[in-house]
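The structure appears below as structure tokens.
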Amino acid sequence: MAYGFAHLGKSLFWYASELLFAYFLTELAGLSIHHMGIVLATGFLVSAAVDLIVGRWLERRLTTAASASRIQLVGAVLCSASLIAVFVGAWMPVELRFGYALAAGIAFRLGYAAYDIPQNALMALATADAHGRLRVASTRIWFSGMATLIVAAAIGPLIASRDQPEAVVFLVGLTVLFATVAIGSAWLLAQLLHGQEPALPEAGAALARGHPSVDFWLLLLVMVATSVFTPVFGKLEPYFATYTLRSAWWGGVVIILTAAGIVAGQPIWLHLCARVSGGVVMLFNALLQIAALTAFWLIGSAFPAASAAAAFLFGLGNGGVGMVQWAAFSETVARLGPGRMGLSYGLFAAVGKLSLAVGSLLLAAALTRIDFRGPDGTDLVFLMAAIPGTGALCCGLVGIGLFVVESAGRRLASPMRGGFSGPS
């Protein structure tokens, strides 16, 4: 539970950036779509390099749960200060806003790397077996969904006040609240893990040391798919609420139900993963996302309540893919041993950031081709369905690959062996 609350703190920052950055830069800071894409992509590209550097630098420091929790606390402080700096940029002179947004965005990504990598490493450092990592992954996704709910609850008031000076004050105040949660939860976790030794069995750590397994690379492909395509749904949702639904209330309902789906599905996926392979669970959730996005596209803004229900099902599938992804990757890293934690999670995060940079450029390119503030606002519905649907299709194909690899009986470092296939 302490890890869950610490992940809640980190996720508040992540989803504030994922759901609000693009909208903030164009609608509150007044940047063009082109400049918004540059700011987001540059931040992710720099962050990817930082993840690899920080991951490598932390190789000898991320060897115990205690050391990881201490580094996470430092990252929480840095991340808090830098996110406040990002939103203050709306008060800068107009001619300085683009350059300031670039610099503040990069600073935020630097702080987030110091926060993110050690917390991810705790999934392997503070657990002893595949079942433990599965439970922690489910807890992580549950609290991640709660963070999405909290941030989503702020979207309605933000849209309603977007033309008022109070909108930026609201964002800064919200970030101060998030910072309090983040630093407090990180400090609590550091206190609870003080002096803890690695929980990994030495035999398991030596099993695949230096030899990443096949599913290690398959899961990197999942990270690419869920970072390039899936986040577009959430990033476009404030625009969808403003210019397509033209209702802050219904817009808030859509994004809140998306997050509710992520939270509600975790007990189901945890129960299912104890009985069937992780690949099967991932495939099922990918198909669920595709079905939900198809329904969302067909319904559009005609029936907001039905669109919100489709968004709930999309969130349900999104949470299932995420749980399998993180539990499986933590299992592969655990078998590499404590000495490989920093670089492995740094690589995983870097791949995600590079993919998010590509996704940001894709989003900007898509928005420049439609008049989303005018009559073509309905085109947003197609983008919200087609782009995340492509990611879901990729995850489904990887799910099949994971299942085939497991069925072939190879010795893979994955929760599908002894963790996802049934009680060990």
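For this structure, a couple of remarks:
- Test: residue in segment 396-418 that is within 15 Å of the chain's Cα centre (by Cα) and modelled with pLDDT of 85 or more: no
- Hey, residue 56 assigned to a helix (DSSP H, G or I), surrounded by fewer than 18 Cβ atoms within 10 Å (Cβ to Cβ) and out of contact with any His (no Cβ under 7 Å at 6 or more places or on another chain) or not: yes
- The single residue among 31, 20 that is aliphatic (A, V, I, L, M) and not in a helix (DSSP H, G or I) turns out to be 31.
- Some residue of segment 184-192 being at pLDDT below 90, closer than 21 Å to residue 333 by Cβ and either in a helix (DSSP H, G or I) or not charged (D, E, K, R) (or both): no
- Residue list for segment 286-303, restricted to those being open to solvent by less than 30 Å² (accessible area, probe 1.4 Å) and assigned to a helix (DSSP H, G or I): 286, 289, 292, 293, 296
- Some residue of segment 272-285 being open to solvent by less than 10 Å² (accessible area, probe 1.4 Å), in a helix (DSSP H, G or I) and under 13 Å from residue 316 (Cβ atoms): yes
- Residue in segment 97-105 that is farther than 20 Å from residue 21 by Cα, part of a helix (DSSP H, G or I) and among the basic types (Lys, Arg) present: no
- For segment 311-331, the criterion of being among the aromatic types (Phe, Trp, Tyr), at pLDDT 90 or above and crowded, with 24+ Cβ neighbours inside 10 Å is met by at least one residue.
- Some residue of segment 115-130 being in contact (Cβ under 8 Å) with a residue 60 or more places away in the chain and of a type in the set (Asp, Glu): yes
- The one condition in (1) farther than 20 Å from residue 190 by Cα; (2) within 18 Å of the chain's Cα centre (by Cα); (3) modelled with pLDDT of 85 or more that residue 4 fails to fulfil: (1)
- For segment 207-217, the criterion of being part of a helix (DSSP H, G or I) and either modelled with pLDDT of 85 or more or on the phi > 0 side of the Ramachandran plot (or both) is satisfied by at least one residue.
- For first residues located in segment 79-95 and on the phi < 0 side of the Ramachandran plot, partners that are basic (Lys, Arg) and crowded, with 24+ Cβ neighbours inside 10 Å and lie 6+ apart or on another chain with Cβ distances below 8 Å form the pairs 79/10.
- Test: residue in segment 229-247 that is modelled with pLDDT of 90 or more, in a helix (DSSP H, G or I) and small (Gly, Ala, Ser): no
- Screening 352, 320, 359, 346 for residues that are free of Cβ contacts under 8 Å to residues at least 60 places away in the same chain and either outside any helix (DSSP H, G or I) or small (Gly, Ala, Ser) (or both) leaves exactly one candidate, 320.
- Qualifying residue in segment 373-387 (condition: open to solvent by less than 50 Å² (accessible area, probe 1.4 Å), under 28 Å from residue 117 (Cα atoms) and touching a residue at least 40 places away in the same chain (Cβ under 8 Å)): yes
- Residue list for segment 332-342, filter: surrounded by 20 or more Cβ atoms within 10 Å (Cβ to Cβ) and either assigned to a helix (DSSP H, G or I) or without any contact (Cβ under 8 Å) to a residue 24 or more places away in the chain (or both): 332, 333, 334, 338, 340, 341, 342
- Residue match in segment 107-126 (condition: in a helix (DSSP H, G or I), under 30 Å from residue 270 (Cβ atoms), under 17 Å from the mean Cα position of the chain (by Cα) and hydroxyl-bearing (Ser, Thr, Tyr)): yes
The values are calculated or read from the model by the stated rules, or taken from the named source; none is laboratory data. If you're wondering where the values come from, they're calculated on a predicted model, not measured in any experiment. Cβ sites come from the backbone with ideal geometry, for glycine too, and all protein chains shown count toward neighbours. Protein only, heavy atoms only, side chains kept; ligands, DNA and RNA dropped before computing areas. Shrake-Rupley method; radii C 1.70, N 1.55, O 1.52, S 1.80 Å.
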